[in-house]
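The values are calculated or read from the model by the stated rules, or taken from the named source; none is laboratory data. The model shown is predicted, which means the values in this text are computed figures rather than measured ones. Cβ atoms come from the backbone with ideal geometry, glycine included; neighbour counts cover every protein chain shown.
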Amino acid sequence: MNQVRFFQLKNNKRLFIDKQLISFNIGQKNLNIICNYVKKLFELSENKKFSSIHEVQKFLNTTRYYSLNKDLDIMTKLESFILGYLKKKKIINKNIVGVEFPFNIRIIHPYSPHQIKKRYNTASIHCDPWAGEPDDIINVIINLVINKQTSCVRIIKTTNMEAEYYKKLCKTYKKKDFLDSKKYFKELKKLKKKKSYKIKNIPGQVFIFGGFLPHYTFRKGNQVRIGLEFRLRTRDPFSTLDKWKSRLNRNGRYWYLTNKNQQDFRTKVNNEFSIIKKNPNKKLLLKLRKQEIIELNSNLKI
């Protein structure tokens, strides 16, 4: 399984907490660069200037729910910077072929907003594929603004055997996601009794873990946590087309990972098209990718 090969990083053993969990800190310099990109997104969304990412947090502390408008050029630059960093660190290897775009800017309020449906509330212990995500995903979480008064992420200690069992649960229900099943709540009782990994929930800390490590948001305090999350794929992004246009967990969000430097969305699209055109089924794949671009409300004329 490509997921397993991804986690066999011989040159990075010091990064491992477990066989399927990597954690390290990106350092203040890289954190500042990422936070500056995120700050720009809020400035465009609010049409005002913020002095720092911490001022953004103060603004968010006055809200109960916030939907951020994502500029696709800034999101492309952010992706390029982070993926470039992970490649230099030799974390992304040849087994990674896809990446979620755009990345998720996570705004976690102390209390769960009513706008979020209960079954998609990340405060409930879950594995993303249980809600319909592809079963080959690898999760990446980066803490940006976090302190003792914000929520934090918790990841359940999981053996390889348990991870395989959690994967099989996805295949039990063909007509609906496991997260919608009655059996999920039985498994949830067991998961609540399990211990979590001892991880550092501090600014700049990165967590990279297999898709079948149960995790959840532990809500506490009275301030908003800001983080960045995305998923990598070890299978071709077009290998799962059944949910390509789904409203939730849309498979169309996964793009090819390329070694080329991409500083704007148009370049990203062109690089994606150049890869697709090498595929014998290029006519269908181009049609699907263009549908996703429309979904992203792109102004590109293609």
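A single entry from 138, 142, 105 fulfils the requirement of being under 17 Å from residue 249 (Cα atoms), at pLDDT 90 or above and touching a Gly at 6+ places or on another chain (Cβ under 7 Å): 138. Among the conditions (1) of a type in the set (S, T, N, Q); (2) modelled with pLDDT of 90 or more; (3) farther than 20 Å from residue 70 by Cβ, residue 240 misses just one, which is (2).
Residue-by-condition table, conditions (1) without any contact (Cβ under 8 Å) to a residue 12 or more places away in the chain; (2) surrounded by 19 or more Cβ atoms within 10 Å (Cβ to Cβ); (3) of a type in the set (A, V, I, L, M, F, W, C); (4) in contact with a Leu (Cβ under 9 Å, 6 or more places away or on another chain):
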site: 166; (1), (2), (3), (4): no, yes, no, yes
site: 169; (1), (2), (3), (4): no, no, yes, no
site: 179; (1), (2), (3), (4): no, yes, yes, no
site: 184; (1), (2), (3), (4): no, yes, no, yes
site: 195; (1), (2), (3), (4): no, no, no, no
site: 200; (1), (2), (3), (4): no, no, no, no
site: 208; (1), (2), (3), (4): no, yes, yes, yes
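Taking the criterion of being farther than 30 Å from residue 28 by Cβ and of a type in the set (D, E, K, R), the residues of the range 131-156 that qualify are 133, 135, 136. Number of residues in the range 63-114 that are over 25 Å from residue 240 (Cα atoms) and either of a type in the set (Asp, Glu) or assigned to a loop (DSSP other than H, G, I, E, B) (or both): the value is 18. Restricting the first member to the range 25-40 and to residues that are over 16 Å from residue 227 (Cβ atoms) and touching a residue at least 24 places away in the same chain (Cβ under 8 Å), and the second to residues that are among the β-branched types (Val, Ile, Thr) and in a helix (DSSP H, G or I), the beta-carbon pairs closer than 7 Å and six or more apart or on different chains are 40/74. One residue alone among 218, 207 is on the phi < 0 side of the Ramachandran plot and modelled with pLDDT of 95 or more, and that residue is 207.
Condition check ((1) under 20 Å from residue 104 (Cβ atoms); (2) aliphatic (A, V, I, L, M)) across all residues:
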{"position": "208", "(1), (2)": "yes, yes"}
{"position": "233", "(1), (2)": "yes, no"}
{"position": "237", "(1), (2)": "yes, no"}
{"position": "242", "(1), (2)": "no, no"}
{"position": "248", "(1), (2)": "yes, yes"}
{"position": "260", "(1), (2)": "no, no"}
{"position": "281", "(1), (2)": "no, no"}
{"position": "284", "(1), (2)": "no, yes"}
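Within the range 185-199, is even one residue at pLDDT below 95, within 26 Å of residue 35 (Cβ to Cβ) and not in a loop (DSSP other than H, G, I, E, B)? Taking every residue of the range 185-199 in turn, none turns out to be at pLDDT below 95, within 26 Å of residue 35 (Cβ to Cβ) and not in a loop (DSSP other than H, G, I, E, B).
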